[in-house]
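The values are calculated or read from the model by the stated rules, or taken from the named source; none is laboratory data. Since this is a predicted model, take the numbers as computed values, not measurements. For neighbour counting, all protein chains shown are included, and Cβ atoms are generated from backbone atoms with ideal geometry for every residue, glycine included. Remember, those area values only see protein heavy atoms, side chains included, never the ligands or the DNA or RNA. Shrake-Rupley method; radii C 1.70, N 1.55, O 1.52, S 1.80 Å.
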2 protein chains.
Amino acid sequence: MRMTHQRQMILDVLKKDYQPKSADMILHLIHDPKLNLSTVYRTLDAFFNVGILSKSTIDNINYYYVTDHKHHHYMVCTQCKKMFPIDCHLDEIAKDVAEKHEFKITHHDMTIYGICKECQLKM
Amino acid sequence: MRMTHQRQMILDVLKKDYQPKSADMILHLIHDPKLNLSTVYRTLDAFFNVGILSKSTIDNINYYYVTDHKHHHYMVCTQCKKMFPIDCHLDEIAKDVAEKHEFKITHHDMTIYGICKECQLKM
DNA sequence: GTACATGCAAATATTTTGCAAAGAC
DNA sequence: GTCTTTGCAAAATATTTGCATGTAC
């Protein structure tokens, strides 16, 4: 897997604040006109397959975020779409079930949906 | 919320085996030519909003399944797409985090991806 | 130099929507 | 009878793909 300028830019943006981002968000955050949306999609998919990125789908849009060692997930506000990181406590649970079914886990995704403090006040 | 013939058919199909199903799968399982795909989508969305159904997204396709009291999630095989139900152990974890952030949880989703026993043998 | 990555444009596929007709309560 | 739901067809939108060109190693 080659590290190109485009791939580096995409990774940099995702590492800037570790907030999950869609392909479109990434394209707009990187102003470079040399970057194409297809490339963003292809890069995100490639990184995801290698394990560098994790993915969550919200309202049929895929959001990607850096998979760090302290593996975590997100709690997302369905109003303002802001995401709050939460630690992952799933590894033991998942491992047990997987062993029972002889299922080879590649990755997992967890998302909690709700309304954040700010949006609750606005209602 | 009115219980129409279409809605009843959709719910019946989902309750038949409790396996997650996409709108398209549901349409094909119900042979009735009087059922339209739009209706399936609208019904699934309506049921989801009321809480009767839960949803998981795999490869950009939404799968819906009946939300039962013994709340559970799925472990999905990325090869054959078969899904294995697993119990949910998340409620306490989620509650703690939510309280800390004053986040009002509406629902959550968890999916474990991997390769099932059968597909491993085929490789 | 070669194999992989990108840009561009066009295609895919799922999901959504507007509106008139039908149906539930 | 009223208000919700449906069917149909058309639109919206995220994502994918083919192919020629460019670029990392």
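Data overview
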| read-out | value |
| --- | --- |
| Of all residues making up region A:68-81, the number that are open to solvent by 50 Å² or more (accessible area, probe 1.4 Å) and modelled with pLDDT of 75 or more | 0 |
| Selected residue [among the β-branched types (Val, Ile, Thr), farther than 25 Å from B:Glu99 by Cβ and out of contact with any Leu (no Cβ under 6 Å at 6 or more places or on another chain)] from A:Val50, A:Val40 | A:Val50 |
| Failed item in (1) in contact with a helix residue (DSSP H, G or I) (Cβ under 9 Å, 6 or more places away or on another chain); (2) open to solvent by 30 Å² or more (accessible area, probe 1.4 Å), with A:Gly51 passing the rest | (1) |
| Among residues of region A:1-29, those that are surrounded by 13 or more Cβ atoms within 10 Å (Cβ to Cβ) and within 10 Å of DNA strand C (Cβ to nearest atom), counted | 5 |
| Scan of region A:37-65 for residues that are without any contact (Cβ under 8 Å) to a residue 12 or more places away in the chain and more than 8 Å from DNA strand D (Cβ to nearest atom), ordered by number | A:Asn49, A:Asp59 |
